[in-house]
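The values are calculated or read from the model by the stated rules, or taken from the named source; none is laboratory data. Since we're looking at a predicted model, the values are computed, not measured. Cβ sites come from the backbone with ideal geometry, for glycine too, and all protein chains shown count toward neighbours.
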Amino acid sequence: MNDIINKLRGRLGLIVLVVIIVIIVGGFYIYQQYRNTHISTEDAYVTGRIHVVASKVPGTVKTLLVKDNQFVKEKAILLEIDDQDYSVKVRESESTVGAERARLDEIGSRAEVARKQLAEFNFRLESVKANLRLQAVNLKQSEMDLQRMERLFAKKIIAEEQYEKAKTAYEGNLALVESAKEQVSQAKAALETQRALIKQMEAGQVSQKSSLRQKQETLEADRLKKSYTAIYAPSSGYVTKKSVETGNQIQTGQPLMAIVSLEDVWIIANYKETQLEKVKPGQKVVIKVDSYPGRKFSGKVESLMAGTGAAFSLFPPENATGNYVKVVQRIPVKIILDAGTDPDKLLRIGMSVEPVIRVE
């Protein structure tokens with residue numbers, strides 16, 4: 001009887017041992033299969049779009065309209081800078097532009113009057129030219145009359161009085177021609193002077209227009225600077241790293257706060273180069289978050305970085321010194337979240353996560 005019991009115990013122990021071995025081997029096989037189809041890393045974190053808010057103009061903060069961690073919508077006013085000095089500059093520029101425009105209008109009016117006077121000078125020149133032609137005809141006729149009278153007087157056919165009268169008429173017409181020539185010369189000189197004056201005024205208009213444009217550009221620049229005294233949210237998101245308070249003196253380019261949008265966050269996972277043989281864009285990813293141990297998020301591989309993290313570091317490794325030690329490199333993989341996987345916006349930029357990529 002004892003022999004039978006001992007045999008049964010031996011067989012039972014053998015069965016238990018076999019079962020244990022099968023479980024161990026099966027578990028190891030399942031583990032190996034899981035490792036071959038699921039690639040994970042703990043060197044991963046949440047990242048996203050961080051918009052640093054900085055001032056474009058210096059000044060004193062007059063009004064601060066947001067608090068830390070407050071949600072703001074895109075184009076909402078975050079703070080206002082005292083714009084009194086900028087308003088003064090705008091008014092001064094507006095006054096200068098008005099004066100420059102009035103000066104341009106004055107030059108234009110004077111040029112228009114000068115052009116009208118030019119037409120009068122042209123008419124005057126044509127008039128004195130016509131008078132010169134008329135006097136030239138009269139001179140020619142009186143010259144012919146004088147020559148005829150000279151012949152008749154030489155033959156004693158006419159009296160000396162008639163000859164002297166013809167001579168006087170000729171000399172008078174000659175004087176009139178000389179006077180007409182002088183009038184033509186004066187009219188031409190006046191016309192050229194008027195044309196030169198108009199050219200000078202037109203040059204003055206061009207110069208004044210250029211000056212007006214410069215003053216208008218200055219005005220636009222002053223208005224633009226004044227508009228910069230109101231600082232708006234570049235996107236919808238949460239206010240973080242606020243480092244400004246009402247009354248602070250701020251400078252151009254000084255970071256004042258950051259706006260973090262949780263609508264578009266993703267995962268950067270630094271996988272070992274030996275893990276990436278089967279990783280491809282589009283593969284599904286399960287994401288575990290340290291802050292929420294009981295919850296999993298889903299996503300997919302979007303892309304692999306075109307270089308290792310070390311290659312883009314501030315001081316990349318120099319392996320030409322002779323002291324080379326092979327180190328497994330890590331390559332950043334970008335993982336995007338599936339739509340609706342984080343409806344409560346629980347993921348925050350910088351959180352540590354553990355993504356598991358399901359590979360073929």
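Which residue pairs have Cβ atoms closer than 6 Å, lie 6 or more positions apart in sequence or on different chains, and pair a first residue in the stretch 329-347 that is touching a residue at least 60 places away in the same chain (Cβ under 8 Å) with a second residue that is of a type in the set (D, E, K, R)?
Listed pairs, sorted by first residue: ARG330/LYS272; ILE331/GLU273; LYS334/GLU302; ILE336/GLU302.
Does GLU182 satisfy the criteria of being assigned to a helix (DSSP H, G or I), farther than 30 Å from PHE123 by Cα, of a type in the set (D, E, K, R) and out of contact with any strand residue (DSSP E or B) (no Cβ under 7 Å at 6 or more places or on another chain)?
Details: assigned to a helix (DSSP H, G or I): yes; farther than 30 Å from PHE123 by Cα: no; of a type in the set (D, E, K, R): yes; out of contact with any strand residue (DSSP E or B) (no Cβ under 7 Å at 6 or more places or on another chain): yes.
Judged against the criteria, GLU182 is not a match.
Return yes when LEU176 is in contact (Cβ under 8 Å) with a residue 40 or more places away in the chain, surrounded by 14 or more Cβ atoms within 10 Å (Cβ to Cβ) and assigned to a helix (DSSP H, G or I) and no when it is not. It would help to see each step written out before you state the result.
On the way: in contact (Cβ under 8 Å) with a residue 40 or more places away in the chain: yes; surrounded by 14 or more Cβ atoms within 10 Å (Cβ to Cβ): yes; assigned to a helix (DSSP H, G or I): yes.
Yes, satisfied.
I'd like the full set of residues that are touching a residue at least 12 places away in the same chain (Cβ under 8 Å) and surrounded by fewer than 16 Cβ atoms within 10 Å (Cβ to Cβ), limited to the stretch 93-107. Lay out the reasoning, then the answer.
Of all residues in the stretch 93-107, those touching a residue at least 12 places away in the same chain (Cβ under 8 Å) come to 93-94, 96-97, 100-101, 103-104, 107.
Selection gives GLU94, ARG101, ARG103.
Inspect the stretch 145-156 for any residue being without any contact (Cβ under 8 Å) to a residue 60 or more places away in the chain and closer than 30 Å to ARG195 by Cβ and give the result as yes or no. Spell out the reasoning first.
As a first pass, look at the stretch 145-156 and keep what is without any contact (Cβ under 8 Å) to a residue 60 or more places away in the chain: 145-156.
Still in the list and also closer than 30 Å to ARG195 by Cβ: none.
The answer is no, given that none of the residues of the stretch 145-156 is without any contact (Cβ under 8 Å) to a residue 60 or more places away in the chain and closer than 30 Å to ARG195 by Cβ.
Here's a check for you: in the stretch 321-336, which residue that is of a type in the set (A, V, I, L, M) and outside any strand (DSSP E or B) is modelled with the lowest pLDDT?
Step one: filter the stretch 321-336 for residues of a type in the set (A, V, I, L, M), giving 325, 327-328, 331, 333, 335-336.
Retained after the next criterion (residues that are outside any strand (DSSP E or B)): 325, 327-328.
Values: VAL325: 67, VAL327: 77, VAL328: 81.
Checking each candidate, the answer is VAL325.
Could you give me the residue pairs with C-beta distances under 7 Å whose first residue belongs to the stretch 110-130 and is in the same structural domain as GLU178 (by the TED database) and polar (S, T, N, Q), whose second residue is surrounded by 15 or more Cβ atoms within 10 Å (Cβ to Cβ) and assigned to a helix (DSSP H, G or I) wherever it lies, and which are 6+ apart or on separate chains?
Here the result reads GLN117/GLN194; ASN122/LEU191, each pair linking the stretch 110-130 to a residue that is surrounded by 15 or more Cβ atoms within 10 Å (Cβ to Cβ) and assigned to a helix (DSSP H, G or I).
Return a yes/no flag: does the stretch 117-124 have any residue that is over 23 Å from SER211 (Cα atoms), at pLDDT below 95, of a type in the set (A, V, I, L, M) and in a helix (DSSP H, G or I).
As a first pass, look at the stretch 117-124 and keep what is over 23 Å from SER211 (Cα atoms): 117-124.
Restricting the remaining residues to those that are at pLDDT below 95 gives 117-124.
Going one step further and asking which of them are of a type in the set (A, V, I, L, M), we end up with 118-119.
Subsequent filtering for residues that are in a helix (DSSP H, G or I) retains 118-119.
Yes, some residue in the stretch 117-124 is over 23 Å from SER211 (Cα atoms), at pLDDT below 95, of a type in the set (A, V, I, L, M) and in a helix (DSSP H, G or I).
Output the residues belonging to the stretch 132-170 that are surrounded by 12 or more Cβ atoms within 10 Å (Cβ to Cβ) and acidic (Asp, Glu).
GLU143, ASP145, GLU150, GLU164
Inspect the stretch 168-191 for any residue being within 20 Å of ASN138 (Cβ to Cβ) and either touching a Gly at 6+ places or on another chain (Cβ under 9 Å) or of a type in the set (Phe, Trp, Tyr) (or both) and give the result as yes or no.
The answer is yes, given that some residue of the stretch 168-191 is within 20 Å of ASN138 (Cβ to Cβ) and either touching a Gly at 6+ places or on another chain (Cβ under 9 Å) or of a type in the set (Phe, Trp, Tyr) (or both).
Give the number of residues within the stretch 255-313 that are among the charged types (D, E, K, R), surrounded by fewer than 17 Cβ atoms within 10 Å (Cβ to Cβ) and in a strand (DSSP E or B). Can you show your working first?
Here is the first cut: in the stretch 255-313, the residues among the charged types (D, E, K, R) are 263-264, 272-273, 277-278, 280, 284, 288, 290, 295-296, 300, 302.
Checking which are surrounded by fewer than 17 Cβ atoms within 10 Å (Cβ to Cβ) leaves us with 263-264, 272-273, 277-278, 280, 284, 290, 295-296, 300, 302.
So of that shortlist, the ones also in a strand (DSSP E or B) come out as 263-264, 272, 284, 295-296, 300, 302.
Of the residues in the stretch 255-313, 8 are among the charged types (D, E, K, R), surrounded by fewer than 17 Cβ atoms within 10 Å (Cβ to Cβ) and in a strand (DSSP E or B).
Matching residues to (1) among the β-branched types (Val, Ile, Thr); (2) at pLDDT 95 or above; (3) in the same structural domain as GLN275 (by the TED database):
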residue: ASN2; (1), (2), (3): no, no, yes
residue: LYS7; (1), (2), (3): no, no, yes
residue: LEU14; (1), (2), (3): no, no, yes
residue: GLY26; (1), (2), (3): no, no, no
residue: GLN32; (1), (2), (3): no, no, no
residue: ASP43; (1), (2), (3): no, no, yes
residue: VAL57; (1), (2), (3): yes, yes, yes
residue: LYS62; (1), (2), (3): no, yes, yes
residue: VAL66; (1), (2), (3): yes, yes, yes
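Answer yes if at least one residue in the stretch 159-179 is at pLDDT 80 or above and closer than 30 Å to ILE198 by Cβ, and no otherwise.
yes
If LEU104 meets every condition in (1) in a helix (DSSP H, G or I); (2) modelled with pLDDT under 85; (3) of a type in the set (A, V, I, L, M) apart from one, which number is that one?
Here LEU104 clears every test but (2).
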